[in-house]
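Each remark here refers to the structure printed beneath this line.
The values are calculated or read from the model by the stated rules, or taken from the named source; none is laboratory data. Computed from a predicted model, the values in this text were never measured in an experiment. Methodologically, a virtual Cβ is constructed for each residue, glycine included, from the backbone with ideal geometry; neighbour enumeration extends over all protein chains shown. To get the accessible areas, we keep the full protein, side chains included, count just its heavy atoms, and leave off ligands, DNA and RNA. Shrake-Rupley method; radii C 1.70, N 1.55, O 1.52, S 1.80 Å.
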Amino acid sequence: MSDTRGLLIVLSGPSGVGKGTVRAAIFEDNPYGYVYSVSATTRQQRPGEIDGKDYHFMSREAFEALIEQEALLEYAQYVGNYYGTPMAKIEEDLAAGHDVFLEIEVQGALKVRERVNREDAVFIFLAPPNLTELEGRLVERGTDAQSVIYERMQRACEEIDMMQYYDYVVVNDQVPKAVAKINAIIQSEHLKVERVVDRIHAEIHQYLQGGND
């Protein structure tokens, strides 16, 4: 593990929990210089969303071409649509020392967990204060039929049960509090002994070698 390589920050949670809102708030200030990895999806673009900023919106055919080319770190189908993470840019940013944010669905996050070096990644589960509030947020969106909301709530219960596979759980009761907790988690991860010990040992070795000259 190197303290010069960036961390892959995987932020996920059930639909409606506010992943996009929290991520946008983190990047509104962004004093730590995080890089956001824009996911690709085949779902319809929602009002206010910007192609290439919120998601790369594409056809099902174009997405399946990326799958064939093995150009995705992960991909999953959720409520009839594909979601996925383009791979090359992420590796480039991590190697340059940038912390890279992925805001993805739970199914995709678990696939990333299987594929990446766990020492270079931090998995954060964003949880709702309670299920009643989560359902209310889905209704307030006004973008889904009641049958779809029911399907999303069923899926949310299954996904919340998967938080055991994450490193941290942050309850999104108030966005500023959630942002502060996530930033604290990431900065604490950078201070772990295993991330800095190799550099410090190298400095000690260099110092001792210099003393023998």
Next item on the list: Can you give me the number of residues within the stretch 39-66 that are touching a residue at least 40 places away in the same chain (Cβ under 8 Å) and in a loop (DSSP other than H, G, I, E, B)?
Entry: 4
Check: Cβ-Cβ below 7 Å, separation at least six or inter-chain, first residue in the stretch 164-187 and within 20 Å of residue 119 (Cα to Cα) and acidic (Asp, Glu), second open to solvent by less than 60 Å² (accessible area, probe 1.4 Å) and part of a loop (DSSP other than H, G, I, E, B): which pairs?
Finding: none
Next item on the list: Kindly check whether there is at least one residue in the stretch 167-177 that is in a helix (DSSP H, G or I), open to solvent by less than 70 Å² (accessible area, probe 1.4 Å) and either on the phi < 0 side of the Ramachandran plot or not assigned by the TED database to the domain that holds residue 19 (or both).
Entry: yes
Checklist line | Residues that are in a helix (DSSP H, G or I) and within 17 Å of residue 6 (Cβ to Cβ), drawn from the stretch 116-143 | finding: 118, 119, 120
Checklist line | The one condition in (1) part of a helix (DSSP H, G or I); (2) modelled with pLDDT of 85 or more that residue 210 fails to fulfil | finding: (2)
Checklist line | Options 15, 2: the member that is at pLDDT below 90, buried (at least 18 other Cβ atoms within 10 Å of the Cβ), on the phi < 0 side of the Ramachandran plot and not in a strand (DSSP E or B) | finding: 15
Margin query: I'd like the full set of residues that are at pLDDT 90 or above, among the small types (Gly, Ala, Ser) and within 30 Å of residue 65 (Cα to Cα), limited to the stretch 21-44.
Written below: 24, 37, 40
Check: Within the stretch 162-197, can you find the residues that are farther than 21 Å from residue 102 by Cβ and acidic (Asp, Glu)?
Finding: 173, 194
